[in-house]
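The values are calculated or read from the model by the stated rules, or taken from the named source; none is laboratory data. Bear in mind that the values here come from a model prediction, so they are computed numbers and not experimental data. Here the Cβ is made from the backbone with ideal geometry for all residues, glycine too, and neighbour counts use every protein chain on show. Heavy atoms of the whole protein, side chains included, go into the accessibility calculation; ligands, DNA and RNA do not. Shrake-Rupley method; radii C 1.70, N 1.55, O 1.52, S 1.80 Å.
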Amino acid sequence: MEHGRLARRLWRRLQHRPPTRQDAAGLRNILNSIGNGVIATDLQQRVIGLNPGAEQLTGFSPQEAIGAVLRQIFPLRHALSGQRLELPLAQVVRDGAALALEEHCQLQDRQGRLRAVAGTLAPLRDADGVPCGLVLSFHDISDDYRLRQQLRQSEQRFKEVVNSLNDNLILLDPELRVQLMNAAALNSYAVDPEHYRGRKCHELFWDCPDICANCPSLRVLQTGQPEGALRQLPDGRVLDRTIYPVRDALGRICGTAVVASDITKRHRAEQALEHQAYHDQLTGLPNRRLYLDRLEQALMRARRHRQMLAVVMLDLNRFKDINDSLGHGAGDALLVLVADRLRRQLRAEDTVARLGGDEFLVLLEDFACLDDLLAVLDKVRLTFAAPFVVEGHALHLSASIGVATWPEAGDSCEELIKNADLAMYRSKRDGGQQHCFYNEEMARLALSRIRLEADLRRGLNQDELTVYFQPKVDLVTGALVSLEALARWCHPRKGMIAPAEFIPVAEACHLIAELGEQVLRKACHQVQRWRLEGIYCGRVAVNVAAAQLRHNRLCASVAAALQESGLPPGCLCLEITETSLMQIDHQVLQELQTLRGWGVTLAIDDFGTGYSSLAYLKRLPITTLKLDKSFVDDLPSDDNSVAITRAVIGMARALGLRVVAEGVENAAQRDFLLEAGATQAQGYLWARPAPRPDFAAFAIHCRC
Ligand SMILES: Nc1nc2c(ncn2[C@@H]2O[C@H](COP(=O)(O)O[C@H]3[C@@H](O)[C@H](n4cnc5c(=O)[nH]c(N)nc54)O[C@@H]3COP(=O)(O)O)[C@@H](O)[C@H]2O)c(=O)[nH]1
């Protein structure tokens, strides 16, 4: 029992009868032995007695204390504010009831030391029960008080941290009663901060029916394992919610902590990134990655249910020309239109993907027979029936289409795509108007192409390349005016290989620049040798591929070839195709101007097959247009070829350019060209390419 209460009880007992000497001695013993301080005063608050506990806590001896006013030996201060506190002496006397000292009381002892105290002030009555003074019982609670204060501060810090979180935090007890909600959670659920403690979570949270149905908190209480999930709220927000078990000091689960972060922005960004990773930015179609994923799934279904499946690859014909002539903006707009039409033409279940550039892949599943597949392929081709209107131009487009069916064309995604590509390549070579199904023959051709590539690489290193020359003649006199140098490859096993076979391979495997430079050097050397022999050969024209222009070292290699051979620059002409000229940038234009400045002439090869404009031609330092053989072939019977030929010749005249007609094979073509105003031509009618033209057969006519 508390010493103060014991003393008071004894005191009260004494009050009912006069105290005996024994009582008084007993009382003194008790008061002396208890650790609490006890001070008795008269009604004027003068100290009439104090026990050793009080002596020790106040620092006053009985001699100093007795007779003093209580507040002199028992001065109190508020522990937090430091202000002086008064004992409620008057109130205790008035009410005749005991009062506890208020919280945060600090007693300042005689030496000025402060200690936290707790205690009671009670009335003191005489034997008749009449109030005759006060009794103050108190004890030192400094250690307790310090601990309580530390606890309070730590709680305060905890609250501040918890409330500063943007995430919702809710603590639940094992009965799912809410113990704590931080400010973010109170705000999210619009809960009154004063009235949530102890309430069941379903009474407070609008989304609780869902929580309770599966009751993840109960599961966490049972398993002790945290549980996380994304929650999409009806207002569109996305919460990342994790429920953690909360353990007591002994490690027992005593509740759960529900932490929910609003990750709407991050979630949207992640979704956008995921969309980006699986879709083509320009058209919004699935990209190769997503296509592969869907093809993998489709293959599994096809194997399981023995269904048919086809991989269809499309490559737009002449897209590059459109891109080069109308610009990349128009090219992009065209790709978007193509993507849109393909998507609308096919079923929602069919995947249309863009591989990049002008290549598209379609995945067709679940068709019953080959006729059904052919019907879908017709639909794909129909996509291109109407012209595409881009920036006011009506563009007529077609696509080369390759088809690889499962299981005939392969059993893996890679095989099917590779073989659809081969089939597409074949479709392109056949004119790009018809779809082409993959077959074994294609695989064989692909393999031989790979071998050819390796052979060509070696051939270039081992100087297997030779140059043939084809004369260009004056249409009126038939005299040789110049030569065109044409590459030939003398394969050690296969013999002479035509450029139509190895030039595309050289272009595809990036050997064309090396090949072009070898031809340039050899042609310059050979023509200079003939010149030194006194043979008139006019200029020699050498073909320059687009890759040579892009390398930006045309001037350097021409200068080297001229210097090594001694051929004057005025005896060299460079033939550049119309389509590669349309890709040139400022730097290439400068190189061409430099070459022209040296006296090298420049001709546009295959003229009429590109989309160059008059304004464009005017910018280039060219001297000659070579009318493409495809127009000459149908002269003079085909009206379109006639019209185009006349237009090209008229335009060249207007621009002060020379026209050389390519591929003239018969007199009718020659006569028409003469009549139309062309001045020079090249073709089998006069001579085929040869290592050494029959110079003697040509009347020498200097037009150099
Ligand atoms: N980048 C480089 N390309 C080159 C080089 N050497 C050749 N080529 C290009 O390869 C293509 C095929 O060339 P080739 O088989 O040599 O054919 C040329 C002539 O033989 C052919 N021609 C000429 N007259 C006639 C004819 O009356 N009938 C007929 N059927 N064919 C004829 O035309 C080709 C010349 O073409 P062009 O260069 O456009 O003037 C061809 O595209 C070559 O350009 C090289 O070193 N680099």
ask   = Would you call A368 farther than 14 Å from A310 by Cα and part of a loop (DSSP other than H, G, I, E, B)?
value = no
key: Test: A652 is more than 17 Å from S482 (Cβ to Cβ) and either open to solvent by 30 Å² or more (accessible area, probe 1.4 Å) or more than 15 Å from the ligand (Cβ to nearest atom) (or both)   = no
ask   = Only one of these conditions is not met by E533: (1) near the ligand (Cβ under 9 Å from one of its atoms); (2) surrounded by fewer than 21 Cβ atoms within 10 Å (Cβ to Cβ). Which number is it?
value = (1)
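Conditions tested, residue by residue: (1) under 14 Å from I401 (Cα atoms); (2) out of contact with any Gly (no Cβ under 8 Å at 6 or more places or on another chain); (3) modelled with pLDDT under 95.
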position	(1), (2), (3)
P286	no, yes, no
R303	no, yes, yes
R318	yes, yes, yes
L326	no, yes, yes
R347	no, yes, yes
C369	no, yes, yes
V376	yes, yes, yes
V390	no, yes, yes
inquiry  = Whether any residue in region 164-175 is part of a loop (DSSP other than H, G, I, E, B), closer than 25 Å to G59 by Cα and free of Cβ contacts under 8 Å to residues at least 60 places away in the same chain is what I want to check.
reply    = no
key: Test for A97: is it at pLDDT 90 or above and assigned to a loop (DSSP other than H, G, I, E, B)   = yes
query = Restricting the first residue to region 458-481 and requiring it to be outside any strand (DSSP E or B) and away from the ligand (no atom under 14 Å from the Cβ), which pairs with a second residue that is open to solvent by 50 Å² or more (accessible area, probe 1.4 Å) and of a type in the set (F, W, Y) meet a Cβ separation below 7 Å and a spacing of at least six or different chains?
reply = G478/W686
task = Go over the candidates L87, L124, L114 one by one and state the one that is under 25 Å from R146 (Cβ atoms) and crowded, with 18+ Cβ neighbours inside 10 Å.
result = L87
query = Does Q297 meet the test of being outside any helix (DSSP H, G or I), surrounded by fewer than 17 Cβ atoms within 10 Å (Cβ to Cβ) and in the same structural domain as F388 (by TED's automatic domain parsing)?
reply = no
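Within region 501-512, can you find the residues that are of a type in the set (A, V, I, L, M) and near the ligand (Cβ under 9 Å from one of its atoms)?
I503, A506, I512, listed by residue number.
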key: Of all residues making up region 123-153, the number that are in contact with a helix residue (DSSP H, G or I) (Cβ under 6 Å, 6 or more places away or on another chain) and of a type in the set (G, A, S)   = 2
inquiry  = Residue under question is A353, and the condition is that it be closer than 20 Å to E415 by Cβ, of a type in the set (G, A, S) and surrounded by 14 or more Cβ atoms within 10 Å (Cβ to Cβ); does it hold?
reply    = yes
task = Pick out the one residue from E575, E564, E591 that is within 13 Å of the ligand (Cβ to nearest atom) and either assigned by TED's automatic domain parsing to the domain that holds A667 or not aromatic (F, W, Y) (or both).
result = E575
inquiry  = I'd like to check which helices (runs of 4 or more DSSP H) are fully inside region 570-669 and have at least 1 residues that are closer than 27 Å to P689 by Cβ.
reply    = 578-581, 586-598, 629-633, 639-655
key: region 246-269, residues that are open to solvent by 30 Å² or more (accessible area, probe 1.4 Å) and either touching a helix residue (DSSP H, G or I) at 6+ places or on another chain (Cβ under 7 Å) or of a type in the set (F, W, Y) (or both)   = I253
message = Anything in region 58-69 that is part of a helix (DSSP H, G or I) and surrounded by fewer than 23 Cβ atoms within 10 Å (Cβ to Cβ)? List them, or say none.
response = P62, Q63, E64
task = Counting only residues that are closer than 18 Å to I263 by Cβ and either at pLDDT 80 or above or not assigned by TED's automatic domain parsing to the domain that holds L169 (or both), give me the helices (runs of 4 or more DSSP H) lying completely in region 179-238 with at least 2 of them.
result = 183-189
request  = Give the residues of region 561-600 that are at pLDDT 95 or above and β-branched (V, I, T), sorted by residue number.
outcome  = T594, V600
inquiry  = Is it the case, given these coordinates, that L486 is within 15 Å of the ligand (Cβ to nearest atom), open to solvent by less than 10 Å² (accessible area, probe 1.4 Å) and touching a strand residue (DSSP E or B) at 6+ places or on another chain (Cβ under 8 Å)?
reply    = no
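Looking at this structure, is G53 loosely packed, with under 14 Cβ neighbours inside 10 Å and in the same structural domain as D109 (by TED's automatic domain parsing)?
Values: loosely packed, with under 14 Cβ neighbours inside 10 Å: no; in the same structural domain as D109 (by TED's automatic domain parsing): yes.
It is false that G53 is loosely packed, with under 14 Cβ neighbours inside 10 Å and in the same structural domain as D109 (by TED's automatic domain parsing).
What's the total number of residues in region 135-161 that are under 20 Å from L76 (Cβ atoms) and assigned to a helix (DSSP H, G or I)?
Residues meeting the conditions: 7.
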query = From the residues in region 518-530 that are more than 10 Å from the ligand (Cβ to nearest atom) and among the charged types (D, E, K, R), which one is most open to solvent (accessible area, probe 1.4 Å)?
reply = R529
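Filtering region 615-639 down to residues that are away from the ligand (no atom under 16 Å from the Cβ) and modelled with pLDDT of 90 or more, which residue is least open to solvent (accessible area, probe 1.4 Å)? Give the steps one after another, and end with the answer.
Applying the first criterion (away from the ligand (no atom under 16 Å from the Cβ)) to region 615-639 yields 615-621, 637-639.
Then keep just the ones that are modelled with pLDDT of 90 or more; that gives 621, 637-639.
Details: P621: 23, S637: 98, D638: 56, D639: 120 Å².
Going through the qualifying residues, I end up with P621.
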